[in-house]
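A short worksheet on the structure shown next.
The values are calculated or read from the model by the stated rules, or taken from the named source; none is laboratory data. As the structure is a prediction and not an experimental result, all values here were calculated from the model. Cβ sites come from the backbone with ideal geometry, for glycine too, and all protein chains shown count toward neighbours.
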Amino acid sequence: MNTRIASGMAALGLVVALAGCTGGSGGSDTTTDDSGYGGETSTTTEAPDSGAASAGAALATADSSLGEIVVDGEGMTVYMFDTDTQGGDASSCEGQCATNWPAVTTDSDDPEVEGVTGEVGTITGVDGSTQLTLDGWPLYTFAGDSAAGDTNGQGVNGVWWVLSPAGEKIGG
């Protein structure tokens, strides 16, 4: 019985920690309304159709319950953040936000993509790395996605969204 209580407490702690980024810049924006967390949790997609991770593609597409979405080279769903400025030169996700929503980065000046039709670019990320953008949106993965194809970040706090291959926000 104690093991079940401890497991439940650990899971609750993870949910609270992952819901930490709701908007604003830096981890300093706090809110008590985390009702956006968990709307469409536990959804998954199929792994990228073409094995993008093994082919070296930085971005690829995958079929999901949300339609065709963009994933990184490992098959992890990528997200955009409403607080970012589309076409801007910086991410507004830093501090605890960047811990929960790691930037999708590349070492290439010309990242390879598979199935993505929107304009792919780069900005300098908050940690100095080269962060990928799609249709001007900085890209992130979600710490709450544990496997390729998970879409647990979709709609979190009403500011995190998956993107179509054209770089358009899905939902919201």
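Worth a mention:
- Looking only at the stretch 110-139, and only at residues there that are under 23 Å from ILE69 (Cα atoms) and charged (D, E, K, R), the one that is modelled with the lowest pLDDT: ASP110
- Residues of the stretch 56-72 satisfying the condition of being under 13 Å from the mean Cα position of the chain (by Cα) and either among the charged types (D, E, K, R) or not in a strand (DSSP E or B) (or both): ASP72
- Here the condition is being more than 19 Å from ASP150 (Cα to Cα) and out of contact with any helix residue (DSSP H, G or I) (no Cβ under 9 Å at 6 or more places or on another chain); of THR122, THR77, it holds for THR122 alone.
- Members of the stretch 73-86 that are surrounded by fewer than 18 Cβ atoms within 10 Å (Cβ to Cβ) and either of a type outside the set (S, T, N, Q) or within 12 Å of the chain's Cα centre (by Cα) (or both): GLU74, ASP82
- Yes/no for GLU94 being in contact (Cβ under 8 Å) with a residue 24 or more places away in the chain and farther than 22 Å from ALA148 by Cα: yes
- Residue among VAL126, VAL113 that is touching a strand residue (DSSP E or B) at 6+ places or on another chain (Cβ under 8 Å), under 15 Å from GLU74 (Cβ atoms) and not hydroxyl-bearing (Ser, Thr, Tyr): VAL113
- Meets criteria (part of a loop (DSSP other than H, G, I, E, B) and at pLDDT below 95) for GLY171: yes
- Residues that are farther than 21 Å from SER92 by Cα and more than 16 Å from the chain's Cα centre (by Cα), drawn from the stretch 117-162: THR117, GLY118
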